[in-house]
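Colleague: Quick one: this structure, given as structure tokens, is what I'll be asking you about.
The values are calculated or read from the model by the stated rules, or taken from the named source; none is laboratory data. Small disclaimer: the values here were computed from a predicted structure and weren't measured. A quick note on method: Cβ atoms are made from the backbone with ideal geometry, for glycine too, and the neighbour counts reach across all protein chains shown.
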Amino acid sequence: MQNLIAAEPDLHHAENSWSTQRKLVGQDPNSPEFIDRKVKGLLNKLTMEKFDSIAQQILEWANRSVQEVDGRTFKQVVQLVFENATNEAAWSEMYARLCRFLMERISQDVRDEEIKNANGKPIARGNLFRKHLLNHCQEDFERGWSTKESAIFTAAGKAGDGKAVAAAAKKAVGGEEVLYSDKYCAFKKAKRRGLGLVKFIGELFKVKMLTERIMHECIKKLLSNVETPEEEEIESLCKLLETIGQVLDNAKAQNQMDIYFVRMQELFNSSQISPRIQYMLLDIIELRGRRWVSRTQFSDPTTIIDVNQKVS
């Protein structure tokens, strides 16, 4: 009797199947996915103990752009370094040193035809690295780290009551538990990145990749709203001054610094900010009074050994 069930055809993988193409893309050493994975791996291994060897390998990836007119690999490396630096504020000093290392050693043949100087010629080498890095810093700094929900969390925080924060945030996210809501987590992540960015900017100044003029512009922007201050801006201001105050507060800039601290004292006396932010301002005001010498007298950790010793 004839078999009523037709034999199933042999299953085989098409040579151009989606999964095959995806696998090949991931293995292509010129693909963004491959470069992303390799450079991120190196950045995750970067420590002060292994700095020279890892930084040299990252430089080699950036220098692959000598064969590219648009510098796409170079730009990808700059972006990855920037993202790590802002996400890992505890190591911002190390990432600033890495940026200085790359800026000084990038090949003179690396260029981006889309970015030209005043004479119409493509910017190359260290100037190109600095240009791309500063573009990232400027865009994120001007955007700020506030979200739609941040105003709600901040307003509740002014009461100095954790229950008020939770209640207001629960209302903001439709009754969800605040600590586990996507919106609250996004707010905390944006805040961490924002403060990480400010600290990284300060460390770039300390390795002479940013000028005093740029630092003063950042401070003026953060202090521009004294009457109705945004707590995000005040917190960023305190983080920036904590990072660069000792270097920036020199004889040449003393008058300008005095003006900043008069405004900060006005903010401290204001009823528009929460007790938490008031204490932040007070800490920075007192820090300047001690000539920028911290109470603990401990320097920031620079190696894993230093971190472990400080924790223990």
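Colleague: Looking at segment 170-184, can you tell me whether even one residue there is closer than 29 Å to residue 102 by Cβ and either of a type in the set (Phe, Trp, Tyr) or modelled with pLDDT of 90 or more (or both)?
Modeller: No, segment 170-184 contains no residue that is closer than 29 Å to residue 102 by Cβ and either of a type in the set (Phe, Trp, Tyr) or modelled with pLDDT of 90 or more (or both).
Colleague: Just for segment 205-214: of the residues that are among the aliphatic types (A, V, I, L, M) and within 16 Å of the chain's Cα centre (by Cα), which one is nearest to residue 253 (Cα to Cα)?
Modeller: Among residues in segment 205-214 that are among the aliphatic types (A, V, I, L, M) and within 16 Å of the chain's Cα centre (by Cα), the one nearest to residue 253 (Cα to Cα) is 210.
Colleague: If a residue must be closer than 20 Å to residue 135 by Cβ, surrounded by 18 or more Cβ atoms within 10 Å (Cβ to Cβ) and out of contact with any Leu (no Cβ under 7 Å at 6 or more places or on another chain), how many such residues does segment 209-231 contain?
Modeller: 1
Colleague: Between residues in segment 229-256 that are without any contact (Cβ under 8 Å) to a residue 40 or more places away in the chain and residues that are of a type in the set (Lys, Arg) and assigned to a loop (DSSP other than H, G, I, E, B), which pairs lie under 9 Å by C-beta distance while being six or more apart or on different chains?
Modeller: Final answer for the pair search is none.
Colleague: Do you know which residues across segment 187-204 are buried (at least 21 other Cβ atoms within 10 Å of the Cβ) and either more than 12 Å from the chain's Cα centre (by Cα) or not assigned by TED's automatic domain parsing to the domain that holds residue 284 (or both)?
Modeller: Passing the criteria: only 187.
Colleague: Helices (runs of 4 or more DSSP H) wholly in segment 202-312 with at least 1 residues that are over 30 Å from residue 102 (Cα atoms) and modelled with pLDDT under 95 - which ones?
Modeller: Once the helices (runs of 4 or more DSSP H) in segment 202-312 are filtered for at least 1 residues that are over 30 Å from residue 102 (Cα atoms) and modelled with pLDDT under 95, what remains is 231-248, 254-268, 275-289, 304-311.
Colleague: Next question, about the same structure. Before we move on, is residue 59 within 30 Å of residue 188 (Cα to Cα) and buried (at least 16 other Cβ atoms within 10 Å of the Cβ)?
Modeller: no
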